[in-house]
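These notes are about the structure you will find just below.
The values are calculated or read from the model by the stated rules, or taken from the named source; none is laboratory data. Note that the structure is a prediction, hence the values are computed from the model and not measured. Virtual Cβ from ideal backbone geometry, glycine too; neighbours counted across all protein chains shown.
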Amino acid sequence: MNERIKKAYASAPKTWVWQLLAAFIVACLLAWSGTAVRVSSSTGNGLEVAGNILSGIFHPSAKLLLTLGTDGVPYLLLETFCIAFLGTIVGAVISLPLSFLSASNLVPRGVALVGRVLIAAIRTIPAFAYGLMFIRVTGPGPFAGLLTMSLCSIGMVSKMFIESIEDLDKRILESLDAAGCTTFQKIRYGILPQLTADFTSTIIYRFDMNLRDATVLGLVGAGGIGAPLIFAMSSYRWNEVGAILLGLIVLVLIIEWISAKIRVKLARG
Amino acid sequence: MSLYDRIFKPHVYTLADGTAVEEKRSRAPLILLVLIALTVLSVRITGFDLAVLVKKGSKFFDILKAMFPPNTAYLGKIWQPLWDTIKMSILGSFIGAVLAVPFAVAAASNIVTNRVVVFLVRLFLSLVRTLPTLVCALIATYIFGLGTMAGTCAIAVFTFAYVGKQLFEIIETVDMGPYEAMEALGATRLRAFTAAVFPQVLPTYLSVSLFCLEGNVRYASILGYVGAGGLGLIMNEKIGWREYDSLGMILIVLFVTVMVIEGISHALRKRLT
């Protein structure tokens, strides 16, 4: 018995060379990137600021938190929610044809490659650059934010859509073909049932992310809760920061809980 | 949703042998109704207007057009911030991914049997995840001063939350047989974990971390906007000065970098799984 175990050990693949090499490369990369860390003239009051933010969250400005006007937290949250919701839907609608055109099992390789490069290019431009471009179209406000959100969603949503489409089980289509179904019937009973759950799950996940990322839009004045948050932070009004952050955290947690429930249900059918 | 079934009675089919089969009514109309209501509300609040889009949509391309041809003379000044961005992402991702391990283990309900601990750690991870990265970076700039340190910190926090969540879900789906066998043989729980669970989750863990790194390079470019170093800093500057041809050059360099890093990470992840 012992002999066999020893033999098994001896014949195990020798991977230590690779492991050592990988460790060495990682160590080099870390040492190289470590040079970026310069603890520049620390303003000194950093911990104080962190403390202020914490105490702000625990003592939120009740005035901001409870007013129902257009500058109160509830309305801002509603606006953020609406931007994220409509942005996700518009983005998903645009992604749909784009992802079918870039799925390598449906179209020729060349076309798929062009589609993929286009999607990667859309993903590279950061959100605030889009925000600036859209503000020229619509003027500052939530409309610009919505358009930015939808364009930003396209990148990730189409990437996940493409993966779902490429996982399609083509045998089902063949059997429907053999049963004499028309093209429409093949799409209705062969393709849609396979894709709906995955697509819905992706869209809900992206909505979740959009809600989180909505603060970025505030940087360029494209509506939502970001702008008031950043104004409050740069003018050191910690109670207002606390109120806004508290509202945002609660909203994100609620949406996350709901979306997790729906996605689990979708995954289990 | 049983109320829904009570209002809209399920369709009953009687089979040839007399058994009745119920088919529940589709939920699609209800879901559609909710979606339409939310859409209408959103259109109202955000002021969505297709007419504006059609009429002035071409203005969107004003800046894009101004970016081409890109200002190649500016290329020389991009390298330093670009390296900063990459360094920030690598270091931040590494710190975040390593820090996430103990928290993920503590949040996995099959390893830690104490329910209170599991609940508290998960709540902590959720809270960190809801904190917007931009706010995190802004706080970090107050603490560490302007510069790459703040960006590294923000990326580390983001990576920590993301990898932590993914990792504890992976640990929970692991095959517990080897772990129990080692415990039965008298191994301590730590030893059993490192020998029986860790090898199972390692490939997926590395893959998730690499995936996060990919996203971080892209995200790091935004962080400069609040003064956290890297490409965002010069992007912000060029936007402010309306030098869109330089901005185009920055974006092209960023695009190539992201593609290269994605290519490397994609190849590595394919080997891992």
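Only one residue in B:Val258, B:Val208 is within 28 Å of B:Phe144 (Cβ to Cβ), within 10 Å of chain A (Cβ to nearest Cβ) and of a type outside the set (Gly, Ala, Ser). Which one?
Values: B:Val208 fails: within 10 Å of chain A (Cβ to nearest Cβ).
Every option except B:Val258 fails the conditions.
Quick check, is B:Gly186 loosely packed, with under 14 Cβ neighbours inside 10 Å and not in a helix (DSSP H, G or I)?
On the way: loosely packed, with under 14 Cβ neighbours inside 10 Å: yes; not in a helix (DSSP H, G or I): yes.
Answer is yes for this residue.
Conditions tested, residue by residue: (1) buried (at least 18 other Cβ atoms within 10 Å of the Cβ); (2) at the interface with chain B (Cβ under 9 Å from one of its Cβ atoms); (3) not basic (Lys, Arg).
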site	(1), (2), (3)
A:Pro60	yes, no, yes
A:Leu66	no, no, yes
A:Phe81	yes, yes, yes
A:Ile89	yes, yes, yes
A:Ser99	yes, no, yes
A:Ala103	yes, no, yes
A:Gly110	no, no, yes
A:Leu146	yes, yes, yes
A:Cys152	yes, no, yes
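Provide a single number: the residues in the range B:226-253 that are within 11 Å of chain A (Cβ to nearest Cβ), closer than 26 Å to A:Val37 by Cβ and surrounded by 23 or more Cβ atoms within 10 Å (Cβ to Cβ).
The total comes to 7.
Results for (1) surrounded by 14 or more Cβ atoms within 10 Å (Cβ to Cβ); (2) more than 30 Å from A:Gly72 (Cα to Cα); (3) acidic (Asp, Glu), shown as yes or no for each residue.
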site	(1), (2), (3)
A:Leu173	yes, yes, no
A:Leu176	yes, yes, no
A:Tyr189	yes, yes, no
A:Asp198	yes, yes, yes
A:Ala227	yes, no, no
A:Val252	yes, no, no
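Of everything in the range A:117-138, what is free of Cβ contacts under 8 Å to residues at least 60 places away in the same chain, buried (at least 17 other Cβ atoms within 10 Å of the Cβ) and more than 10 Å from chain B (Cβ to nearest Cβ)? Give them in sequence order.
To start, the set of residues in the range A:117-138 that are free of Cβ contacts under 8 Å to residues at least 60 places away in the same chain comprises A:117-126, A:129-130, A:133, A:136-138.
Those left that are additionally buried (at least 17 other Cβ atoms within 10 Å of the Cβ): A:119, A:122-126, A:129-130, A:133, A:137-138.
If the condition is that a residue be free of Cβ contacts under 8 Å to residues at least 60 places away in the same chain, buried (at least 17 other Cβ atoms within 10 Å of the Cβ) and more than 10 Å from chain B (Cβ to nearest Cβ), then A:Ile119, A:Ile122 are the ones that fit.
For the range B:128-154, how many residues meet the condition of being assigned to a helix (DSSP H, G or I) and within 7 Å of another protein chain (Cβ to nearest Cβ)?
Result for the range B:128-154: 11.
Of the residues that make up the range B:9-16, is at least one surrounded by 18 or more Cβ atoms within 10 Å (Cβ to Cβ) and either within 14 Å of chain A (Cβ to nearest Cβ) or not charged (D, E, K, R) (or both)?
Looking through the range B:9-16, none of the residues is surrounded by 18 or more Cβ atoms within 10 Å (Cβ to Cβ) and either within 14 Å of chain A (Cβ to nearest Cβ) or not charged (D, E, K, R) (or both).
Listed here are the residues, each with its yes/no results for (1) out of contact with any helix residue (DSSP H, G or I) (no Cβ under 8 Å at 6 or more places or on another chain); (2) assigned to a helix (DSSP H, G or I).
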{"residue": "B:Tyr205", "(1), (2)": "no, yes"}
{"residue": "B:Asn216", "(1), (2)": "no, yes"}
{"residue": "B:Tyr225", "(1), (2)": "no, yes"}
{"residue": "B:Ala228", "(1), (2)": "no, no"}
{"residue": "B:Leu233", "(1), (2)": "no, yes"}
{"residue": "B:Gly248", "(1), (2)": "no, yes"}
{"residue": "B:Thr257", "(1), (2)": "no, yes"}
{"residue": "B:Leu268", "(1), (2)": "no, yes"}
{"residue": "B:Arg271", "(1), (2)": "yes, yes"}
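Listed here are the residues, each with its yes/no results for (1) modelled with pLDDT under 85; (2) hydroxyl-bearing (Ser, Thr, Tyr); (3) under 18 Å from B:Thr148 (Cα atoms).
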| residue | (1), (2), (3) |
| --- | --- |
| B:Thr188 | no, yes, no |
| B:Ala192 | no, no, no |
| B:Leu202 | no, no, no |
| B:Val208 | no, no, no |
| B:Ser221 | yes, yes, yes |
| B:Gly224 | yes, no, yes |
| B:Gly232 | yes, no, yes |
| B:Glu243 | yes, no, no |
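Regarding B:Thr85, is this residue surrounded by 12 or more Cβ atoms within 10 Å (Cβ to Cβ), without any contact (Cβ under 8 Å) to a residue 24 or more places away in the chain and either part of a loop (DSSP other than H, G, I, E, B) or within 30 Å of the chain's Cα centre (by Cα) (or both)? Walk me through it before giving the result.
On the way: surrounded by 12 or more Cβ atoms within 10 Å (Cβ to Cβ): yes; without any contact (Cβ under 8 Å) to a residue 24 or more places away in the chain: no; either part of a loop (DSSP other than H, G, I, E, B) or within 30 Å of the chain's Cα centre (by Cα) (or both): yes.
Taking the combined requirement at face value, the residue does not satisfy it.
Do any helices (runs of 4 or more DSSP H) entirely within the range A:158-266 hold 1 or more residues that are within 12 Å of chain B (Cβ to nearest Cβ), and if so, which?
Values: elements: A:170-178, A:183-186, A:192-218, A:226-234.
Qualifying helices (runs of 4 or more DSSP H): A:192-218, A:226-234.
Regarding the range B:143-164, can at least one residue be identified that is over 30 Å from B:Ile222 (Cβ atoms), over 16 Å from the mean Cα position of the chain (by Cα) and in contact (Cβ under 8 Å) with a residue 60 or more places away in the chain? Let's see the steps before the verdict.
First, the residues of the range B:143-164 that are over 30 Å from B:Ile222 (Cβ atoms): none.
The answer is no, given that none of the residues of the range B:143-164 is over 30 Å from B:Ile222 (Cβ atoms), over 16 Å from the mean Cα position of the chain (by Cα) and in contact (Cβ under 8 Å) with a residue 60 or more places away in the chain.
Which ones in the range A:230-259 are over 10 Å from A:Pro60 (Cα atoms), among the hydrophobic types (A, V, I, L, M, F, W, C) and modelled with pLDDT under 85?
Selection gives A:Ile230, A:Phe231, A:Ala232, A:Met233.
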